[in-house]
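I have placed the structure first, in the form of structure tokens, so that the comments after it can refer back to it.
Quick note: the coordinates plus some simple rules give every number you see, no bench work behind them. Just so it is clear, the structure is predicted and the values come from calculations on it, not from any experiment. Cβ: placed from backbone, ideal geometry, glycine included. Neighbour counts: every protein chain shown.
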Amino acid sequence: MIESSRITLREKSVYNNINFLRKKLGKKVKISSVVKANAYGHGIEQIVPLFEKAGIDHFSVFDYNEATRVANSLAAPQSIMIMGWISDNNVKNAILKGFDFFVFNNERLLVALEHAKALNKKARIHLEAETGMNRSGLNNQELIKAITLINDNKEYFDVQGFCTHLAGAESISNHFRIQKQIKKYHKMLTLAEKSGIIPQFRHMANSAAAFVYPKTRMDLVRIGIMQYGFWSSAETFIHYLGNKAKRIDPLERILGWDSKIMSIKEIKTGEYIGYGITFLAQSDIKTALIPVGYSCGYSRSLSNRGRVLIRGQRCSVIGVVNMNMIIADITNIPDAEVGDEVVIIGRQGDLEIKVSAFSDISNELNYEVLAHLSGKIKRTIIN
Ligand SMILES: *Cc1c(COP(=O)(O)O)cnc(C)c1O
């Protein structure tokens, strides 16, 4: 466990975001809460119980391990859907535990059938159609084969879903490609339904698609980034604002990240600071050492560019980001003391360091910054 910094999760912002999503998406659309990559860095064990309290009863993860972590974090059994990796052996355990999983090729379907037979228990599957992303999914011919296999073994399959994934709904430049994918999806769905396969949930939308292409909502939407309080891109937010009179963001960021000043130093003009010669003191300055580095998820590309908040003021990160430490210039805060709070992400006083400010400098996506936050940092829930 890393104790030199802590991640805070604001509970009321969870409810704010889920309520907003539910209101906008409508009662008929099920929200599957995407909690892959340790719940976008927020921490599966801490955030899943909050989403559950907010009324979420369907969760999506990437792999089997995450599915078991979600299951262990829930107060009551809820649907858990594995969208990606499961080892062949864990396909058996997934069926046993009643996890849903994507069938993105016929190899997966055959493994599922074998285990379902051995266990004499239905596999809860989502047929994933390849509609143009060219990443994962069954193409037309593979789908026809899958349909035959499922129809020949109806007692072993519960077709929970028929789905696809869109290749970049957050950017208007992909508009044409997305429209093609939506058409293709409906063709393939019709093929399945005409062959007697009626999925409970038809789904394809992630956060961006759910808002930019409302028709893609269908029965279920897989919402990741928005429930954590972020828009998928500036474009999706602008699209949402449209002509609204109030230009305010209805989402609230849940996550904050803070640490403390570990040590303070006075540095004379002409001295280099930290490793190498990337920062030369041009005047006498005062520095604060902060126990956060790239091993916690503070990107090295923030060297000499990052900002932190101390005593309500913005301070520059100087020198290179170390594995476990950064140095900030606190010359303008004469009364700063060892032990003072340092905000890495979040608010302090009137100022805020946003994940996007962070990601703009480091050239990472919000998604990336969040996913890099070490799972070993302690998570604390706050009001
Ligand atoms: C990650 C993911 C999502 C969620 O995407 P957001 O942009 O975070 O809403 C939905 N579907 C699939 C298949 C995903 O991998």
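Descriptive notes on the structure:
- Sequence-distant residues sharing a close amide H with I267 (under 5 Å, placed H): I285, K286, T287
- Farthest positive-ward along the chain dipole, Cα basis, beta-carbon charges - from T236, L189, L365: L189
- Cα centroid separation - the range 157-214 against the range 48-98, whole Å: 22 Å
- In the chain, the DSSP beta bridges split such that about 45 percent are antiparallel, to the nearest 5.
- Straight-distance candidates among the aspartates and glutamates for linking to K24, with alpha-carbon spacing under 17 Å and chain neighbours fewer than 8 residues away dropped: D219, D249, E252.
- Magnitude of the charge dipole, the chain, Cβ model with Lys/Arg +1 and Asp/Glu -1, debye to 20: 1340 debye
- Using θ = phi - 60° in the Karplus curve 6.51 cos²θ - 1.76 cosθ + 1.60, the 3J(HN,Hα) couplings for the range 178-187 round to 5, 4, 4, 5, 4, 4, 4, 4, 5, 4 Hz; x is entered for Gly and Pro.
- Ranking I267, Q227, S4 by how far each Cα lies toward the positive end of the dipole of the chain (charges on Cβ) leaves Q227 at the top.
- Relative contact order computed over the range 4-152 (Cα-Cα under 8 Å; 6+ residues apart), in percent: 15 percent
- The spread of Cα positions in the chain, taken along each principal axis and listed from longest to shortest, comes to 79, 49, 38 Å.
- J(HN,Hα) series, the range 123-135, from Karplus relation 6.51 cos²θ - 1.76 cosθ + 1.60, nearest Hz, glycine and proline x: 8, 8, 10, 10, 6, 9, 8, 7, 10, x, 6, 6, 10
- Restraint check, K28/K53; K180/K215; K97/K117; K28/K117; K92/K145; K12/K97, Cα-Cα greater than 24 Å: K28/K117; K12/K97
- Whole-number Å³ per residue for the convex hull built on Cα positions in the range 255-353: 86 Å³
- Near S171, once Lys and Arg are set to +1 and Asp and Glu to -1 for all other residues with Cβ below 11 Å from its Cβ, the sum equals -1.
- Neighbours of R222 by Cβ distance under 11 Å: Lys/Arg scored +1, Asp/Glu scored -1, total +3.
- Mean Cα-pair separation over length for the range 255-353, i.e. relative contact order, pairs under 8 Å, 6 or more apart, %: 33 percent
- Between the residues V14, S283, A116, the greatest Cα displacement towards the positive end of the dipole of the chain, with unit charges on the Cβ of Lys, Arg, Asp and Glu, is found for A116.
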